[in-house]
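Shown next, in structure tokens, is the structure this report addresses.
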Amino acid sequence: MQELNFLPAHRLAALVRSREVSARELLEAHLTQVSRHNSRLNALVTLDEERALARARAADEATARGESWGPLHGVPVTIKDSFMTAGVRTTSSYKRLRNYIPAQDATVVARLKAAGAILLGKTNLPTLTLDLQTSGHLFGRANNPWDESRTPGGSTGGGAAAVASGMSPFEVGSDLAGSIRVPSHYCGIFGFKPTEHRVPISGHIPPMPGRPRGVRYEGAAGPLARCVKDLQLGFRLLAGPDDKDWDVPPVPLRDVAPRELRSYRFAWTDDFGGLPVTRETRTALEKLARTLEGLGCQVERRGPPGLDYDELWDVWGRVLGAEVGSEMQALARFAISVRFNAMRGDAALNRGVVRGMQASMPEYIEALAIHDRITGQVESFLSEWDAWLCPTTVGQAFTHRRSGEWLDVDGQKVPYMAGTCGFTSVFNLTGHPVVVLPLNGLVDSPLPLGIQVVGRRWLDEELLALSESLVEVTGEFRKPPGY
């Protein structure tokens, strides 16, 4: 039964459909894994065990009648605790919401349930999703299953740890600055940030329940899993308008088959404006590039010409600060500004957030104009390539520390924000879709290391198909020792 804990979600659904395994057995296998490991990882913060067991029984009864609820019939899943779940506590790790029980599901939750999934529980996150580690006011610190002295990342850190450790086969997270991609990279799993506005963010906290949402700052919602096929399945289930998040257009979903790997064109770089990376990161990217070139792919070390990364990080911070700050009272804006000013090191990201918190409407509009120009630069560059391969962070998962403390990159001190989300926030600003793949086939290391695979806006299906081919080189999921 323990083998069930590390099969991909689409495979588990097939086992339930064929009656090789019951939904009840599947749920109990995951509950057992939670009981074994969650006390050390602190990945799940709310279990919905009673309702999950009742839904598993109903799923088995439906199977016996020859009925199917959908492509995830009988499969347990977890949800980041920033998404509302009807009848189940939703806190976003914020003390004022410690007893908040929504009446309705977030759109992404409702769509998973409609596909037959069973809600196992909610996963840990930093307070109001605002960190790249997971240590919130309500539930404390989550740990990385590869090394419990290290962070699983944030803000979907609990979800990534749950998927990597076999407590959940599938998680839905949100990504404001790298919050799906950084935890996927640190925990050795697969993650997908879709093109902005392809998946509704309705029912996400922040904003606070009952408050209007910011213009863009909630970022993107997307899946975390143990293979690309599950990312593809998750995207198909989650994407599309919901008549609540009016920024989501009715873009048709398309079936795109993977091509031969040698037919793809790859640009790659480990240089974003002089932001350093570890020797392991640089070596892994260089090895991947050489391997792809040896297989017949067109590969060049390239980036968008003339792109000013300091300007990009500054304007991302300005937009984020302005939109987050628009929902806060003056005292809260001041407190956030003090927090970012107190972080070690002078980073453009930090300066931008503080500047945005105090921005006037003309200054905000100016930042949006720069945002649009930079988005055009990156999109123009990507029109020449099938994908752009980049680091996810400056290195592998680091040891737990206070938010804002220095990160070490081979003896060089790097500011916290630049080191955690310098590579990922680029694509939150531009809205491009990104898949994170673990480099298990190329890296011999006790800690996981992943890469960002970036595609053109709105071509999510093409990017996922390419990623499916790329796994031939990067490697399949590898479970942490001891699990």
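Consider the stretch 400-422. How many of its residues are closer than 13 Å to Thr278 by Cβ, charged (D, E, K, R) and touching a strand residue (DSSP E or B) at 6+ places or on another chain (Cβ under 8 Å)? Count: 1.
With respect to Asn124, determine if the residue is in the same structural domain as Gly210 (by TED's automatic domain parsing), closer than 23 Å to Thr393 by Cβ and polar (S, T, N, Q).
Numbers: in the same structural domain as Gly210 (by TED's automatic domain parsing): yes; closer than 23 Å to Thr393 by Cβ: yes; polar (S, T, N, Q): yes.
It is true that Asn124 is in the same structural domain as Gly210 (by TED's automatic domain parsing), closer than 23 Å to Thr393 by Cβ and polar (S, T, N, Q).
Can you tell me which residue within the stretch 400-448, out of those that are within 15 Å of the chain's Cα centre (by Cα) and in a strand (DSSP E or B), is surrounded by the most Cβ atoms within 10 Å (Cβ to Cβ)? Checked the stretch 400-448; the qualifying residue surrounded by the most Cβ atoms within 10 Å (Cβ to Cβ) is Val434.
Within the stretch 138-196, being within 19 Å of Val77 (Cα to Cα) and among the aromatic types (Phe, Trp, Tyr) holds for Phe170, Phe190, Phe192.
Condition test on Phe334, is it outside the structural domain of Leu275 (by TED's automatic domain parsing) and either of a type in the set (Val, Ile, Thr) or surrounded by fewer than 19 Cβ atoms within 10 Å (Cβ to Cβ) (or both)?
yes
Looking across the stretch 130-170, not a single residue is in contact with a Cys (Cβ under 6 Å, 6 or more places away or on another chain) and surrounded by fewer than 24 Cβ atoms within 10 Å (Cβ to Cβ). Number of residues in the stretch 155-191 that are part of a strand (DSSP E or B) and either in contact with a Lys or Arg (Cβ under 6 Å, 6 or more places away or on another chain) or of a type in the set (S, T, N, Q) (or both) equals 4. If only residues of the stretch 322-378 that are touching a residue at least 24 places away in the same chain (Cβ under 8 Å) and among the β-branched types (Val, Ile, Thr) are counted, the one that is nearest to Arg456 (Cα to Cα) is Val378.
Asn99 fails exactly one of the following numbered conditions: (1) part of a loop (DSSP other than H, G, I, E, B); (2) closer than 20 Å to Thr129 by Cβ; (3) under 24 Å from the mean Cα position of the chain (by Cα). What is the number of that condition? All conditions pass for Asn99, except number (3).
Among the criteria (1) under 16 Å from Phe170 (Cα atoms); (2) among the aliphatic types (A, V, I, L, M); (3) free of Cβ contacts under 8 Å to residues at least 60 places away in the same chain, the one Ala13 does not fulfil is (3).
Taking the listed residues Gly191, Gly240, the one that is of a type in the set (Gly, Ala, Ser), assigned by TED's automatic domain parsing to the domain that holds Phe423 and out of contact with any Ser or Thr (no Cβ under 6 Å at 6 or more places or on another chain) is Gly240, with no other qualifying.
If you check Ala117 against the conditions, is it farther than 18 Å from Leu31 by Cβ and at pLDDT 95 or above?
Numbers: farther than 18 Å from Leu31 by Cβ: no; at pLDDT 95 or above: yes.
For Ala117, the condition - farther than 18 Å from Leu31 by Cβ and at pLDDT 95 or above - is not met.
Of all residues in the stretch 172-188, those that are under 26 Å from Pro481 (Cβ atoms) and in the same structural domain as His204 (by TED's automatic domain parsing) have Cβ atoms under 7 Å from Cβ atoms of residues that are surrounded by fewer than 24 Cβ atoms within 10 Å (Cβ to Cβ) and charged (D, E, K, R), 6 or more apart or on another chain, in Gly188/Arg478. Tell me, yes or no, whether the stretch 98-119 has at least one residue that is within 17 Å of Ser168 (Cβ to Cβ) and without any contact (Cβ under 8 Å) to a residue 24 or more places away in the chain. Yes: the stretch 98-119 contains one or more residues that are within 17 Å of Ser168 (Cβ to Cβ) and without any contact (Cβ under 8 Å) to a residue 24 or more places away in the chain.
Of Asp314, Asp346, Asp310, which residue is assigned to a loop (DSSP other than H, G, I, E, B) and of a type in the set (D, E, K, R)?
Working: Asp314 fails: assigned to a loop (DSSP other than H, G, I, E, B); Asp310 fails: assigned to a loop (DSSP other than H, G, I, E, B).
Among Asp314, Asp346, Asp310, only Asp346 is assigned to a loop (DSSP other than H, G, I, E, B) and of a type in the set (D, E, K, R).
Does any residue of the stretch 207-222 turn out to be within 9 Å of the chain's Cα centre (by Cα), crowded, with 24+ Cβ neighbours inside 10 Å, within 17 Å of Thr393 (Cβ to Cβ) and in contact (Cβ under 8 Å) with a residue 40 or more places away in the chain?
Going through the stretch 207-222, the residues within 9 Å of the chain's Cα centre (by Cα) turn out to be 220-222.
From what's left, crowded, with 24+ Cβ neighbours inside 10 Å: 220-222.
Those still in the list that are within 17 Å of Thr393 (Cβ to Cβ) too: none.
Within the stretch 207-222, none of the residues are within 9 Å of the chain's Cα centre (by Cα), crowded, with 24+ Cβ neighbours inside 10 Å, within 17 Å of Thr393 (Cβ to Cβ) and in contact (Cβ under 8 Å) with a residue 40 or more places away in the chain.
Test Glu300 against the stated conditions and say whether it is outside any strand (DSSP E or B) and either on the phi < 0 side of the Ramachandran plot or in contact with a His (Cβ under 9 Å, 6 or more places away or on another chain) (or both). Criteria not met by Glu300. Among the residues of the stretch 325-376, the one identified as in contact with a Pro (Cβ under 8 Å, 6 or more places away or on another chain) and farther than 18 Å from Gly422 by Cα is Glu327.
Which residue is nearest to the chain's Cα centre (by Cα), if the candidates are limited to the stretch 352-395 and must be in a loop (DSSP other than H, G, I, E, B) and within 14 Å of Gly455 (Cβ to Cβ)? If we take residues in the stretch 352-395 being in a loop (DSSP other than H, G, I, E, B) and within 14 Å of Gly455 (Cβ to Cβ), then Asp386 is nearest to the chain's Cα centre (by Cα). Have a look at Gly66, Gly116 and point out the one that is in a loop (DSSP other than H, G, I, E, B) and more than 27 Å from Ile201 (Cα to Cα). Just one listed residue meets the conditions, Gly66.
The values are calculated or read from the model by the stated rules, or taken from the named source; none is laboratory data. From a predicted model like this one, the values you see are computed outputs, not experimental measurements. Please note: Cβ atoms are built from the backbone with ideal geometry, for glycine as well, and neighbour counts cover all protein chains shown.
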